[in-house]
Amino acid sequence: MEHITDPFRDARAKDGVLRCPFQGESLPMILRHADVREAAKDWQKFSSDAPFRVPIPSEEAVRSMRQLPIETNPPEHGEYRALVEPFFQRAKQPEVIAKVEALIDELLTTALARESLEVVSEFALPAQSRALTYLLNVPEREADVWIGWGIHVFKVTGGEFKKGNVLESYLHQQFDFAEAQVRQRASDALTPDDSLFTALVKATYRGRKLTREEMMGFGNLTFAGGRDTIIYSIANALAYLGRNPEALVYLRADPRRIVHAGEEFFRVFMPLTHIGRVCPVETDVHGVKVPPGGRASLAWASANLDETVFEAPTEIRLDRKPNPHLAFGFGTHLCLGAPHARLIVRTLLQALCDRVAGIEILAATPHVEREATYERTHGFDALTVRLAALEPR
């Protein structure tokens with residue numbers, strides 16, 4: 001049975017926090033499952049009302065607006081979230097599910113016909129980008145633009161921030177186009193054909209129209225928030241099944257196992273290590289004093305390996321149940337894109353069971369997150385495989 005490395009185990013057992021420097025701040029990372037959940041619910045003590053400072057590292061250098069709804073607290077968060085949630089819930093609609101199934105089938109057909117496949121750029125990135133067009137209700141050709149941005153919207157491989165910001169220019173173009181359409185039609189009534197961009201142009205918040213900055217905040221999060229996380233999830237699933245061929249046989253024997261396997265992949269291969277919160281007043285964070293305006297972080301990846309919650313947490317158990325992982329966050333800010341991510345991974349696993357006999361790993365470059373007090377491997381910068389077709393029965 002495959003095991004993963006837990007870089008937070010000792011600190012989680014000893015103090016429950018790990019102090020780590022980020023951009024001149026020494027942040028206490030909250031490590032225990034119960035403590036992370038408690039902090040995620042306590043928005044008054046651990047605030048998300050902090051433009052640019054919720055991601056770690058913070059993003060003042062790469063965007064000019066607050067991401068919505070994530071960088072707000074209740075009640076604003078819930079009101080903002082309600083404006084876009086219907087689009088993210090589209091992942092549960094039969095027509096969107098069918099489109100994602102057809103997409104994965106198409107990509108697998110191409111992959112099976114090739115001698116080798118670079119999973120990250122040639123499979124996971126197109127899958128994520130094209131599936132997102134279904135969610136946002138935009139033409140699928142838009143995915144070609146998004147694919148051109150690469151794995152990360154803001155960063156180059158290795159973690160450095162990109163120069164310039166193509167995303168903001170793109171969003172302005174989309175909102176300009178949507179506003180022109182709304183003016184031409186002279187109607188603010190939502191229709192089933194509206195894209196996310198058009199819906200935001202038509203939306204009202206507390207009796208007024210959204211500002212362009214607010215629209216941009218929604219758009220920025222939509223494209224930056226669930227991009228590399230889904231790409232890493234796809235690559236991790238394929239790599240695991242390549243390293244453990246018996247796992248594919250196990251899943252194929254009973255399709256009901258696929259849901260549990262997907263949740264276990266999200267738990268152990270958590271793409272986002274942690275997320276920031278700002279303490280409005282001086283706060284004691286499990287023995288560490290955080291000054292007013294200072295940050296703490298909720299370490300999802302550590303919470304997902306808490307031995308007091310998960311039996312043998314570093315073992316990958318595809319039948320793990322219950323599995324109260326925090327891969328999609330917890331509380332008010334539960335990830336909007338969770339249904340979308342689950343749909344993609346579930347569909348991929350089912351398609352692999354139906355069509356793939358085996359996965360041979362030819363080359364791999366893991367993505368390693370190196371910080372002052374921990375090192376964590378999650379995802380791949382590159383992963384080359386060869387897929388063998390399953391013979392028809």
Go through segment 156-175 and give me each residue that's modelled with pLDDT under 90 and surrounded by fewer than 17 Cβ atoms within 10 Å (Cβ to Cβ). Val156, Thr157, Gly158, Gly159, Glu160, Phe161, Lys162, Lys163, Gly164, Val166
Quick check, is Thr222 buried (at least 23 other Cβ atoms within 10 Å of the Cβ), within 30 Å of Ser26 (Cα to Cα), under 14 Å from the mean Cα position of the chain (by Cα) and not hydrophobic (A, V, I, L, M, F, W, C)? yes
Selection status of Val153, in contact (Cβ under 8 Å) with a residue 60 or more places away in the chain, closer than 26 Å to Ala363 by Cα and either aliphatic (A, V, I, L, M) or touching a Ser or Thr at 6+ places or on another chain (Cβ under 9 Å) (or both): yes
Contact list, first residue from segment 195-210 and closer than 12 Å to Glu179 by Cβ, second anywhere and polar (S, T, N, Q) and buried (at least 19 other Cβ atoms within 10 Å of the Cβ), beta-carbon distance below 7 Å, six or more apart or interchain, is Phe197/Gln174
Please specify each residue of segment 160-169 satisfying the condition of being without any contact (Cβ under 8 Å) to a residue 40 or more places away in the chain and either touching a helix residue (DSSP H, G or I) at 6+ places or on another chain (Cβ under 8 Å) or not hydroxyl-bearing (Ser, Thr, Tyr) (or both). Glu160, Lys163, Gly164, Val166
Close pairs from segment 346-372: first without any contact (Cβ under 8 Å) to a residue 12 or more places away in the chain, partner acidic (Asp, Glu) and assigned to a strand (DSSP E or B), Cβ under 7 Å, at least 6 apart: Val368/Glu375
Would you confirm, using the coordinates I've provided, whether Leu31 is in contact with a strand residue (DSSP E or B) (Cβ under 8 Å, 6 or more places away or on another chain) and either within 23 Å of Thr373 (Cβ to Cβ) or among the hydroxyl-bearing types (Ser, Thr, Tyr) (or both)? yes
Just need a number here: residues in segment 318-357 that are on the phi > 0 side of the Ramachandran plot and either out of contact with any helix residue (DSSP H, G or I) (no Cβ under 6 Å at 6 or more places or on another chain) or not in a helix (DSSP H, G or I) (or both). 1
In this structure, does Ile104 turn out to be buried (at least 17 other Cβ atoms within 10 Å of the Cβ), closer than 30 Å to Gly242 by Cβ and over 17 Å from the mean Cα position of the chain (by Cα)? yes
Determine whether Glu246 is assigned to a helix (DSSP H, G or I), within 30 Å of Leu352 (Cβ to Cβ), at pLDDT 95 or above and among the charged types (D, E, K, R). yes
Only residues that are surrounded by fewer than 16 Cβ atoms within 10 Å (Cβ to Cβ), touching a residue at least 12 places away in the same chain (Cβ under 8 Å) and closer than 25 Å to Asp228 by Cβ: list them for segment 11-56, please. Pro21, Gln23
Tally of residues being touching a residue at least 24 places away in the same chain (Cβ under 8 Å) and either surrounded by 12 or more Cβ atoms within 10 Å (Cβ to Cβ) or among the charged types (D, E, K, R) (or both) across segment 1-10: 6
Could you check how many residues of segment 1-28 are in a strand (DSSP E or B) and closer than 19 Å to Ile316 by Cβ? 1
Residues satisfying the stated conditions in segment 195-219, i.e. part of a helix (DSSP H, G or I) and among the hydrophobic types (A, V, I, L, M, F, W, C): Leu196, Phe197, Ala199, Leu200, Val201, Met215, Met216, Phe218
What single numbered condition from (1) among the acidic types (Asp, Glu); (2) part of a loop (DSSP other than H, G, I, E, B); (3) farther than 25 Å from Ser26 by Cα fails to hold for Glu360? (2)
Considering each residue of segment 88-125, count those that are small (Gly, Ala, Ser), assigned to a helix (DSSP H, G or I) and in contact (Cβ under 8 Å) with a residue 60 or more places away in the chain, and give that number. 4
Whichever residue in segment 176-194 is in contact (Cβ under 8 Å) with a residue 12 or more places away in the chain and in a helix (DSSP H, G or I) and, among such residues, is surrounded by the most Cβ atoms within 10 Å (Cβ to Cβ): Ala178
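The values are calculated or read from the model by the stated rules, or taken from the named source; none is laboratory data. Not measured: the values here are computed from a predicted model. Note that we place each Cβ from the backbone using ideal geometry, even for glycine, and neighbour counts take in every protein chain shown.
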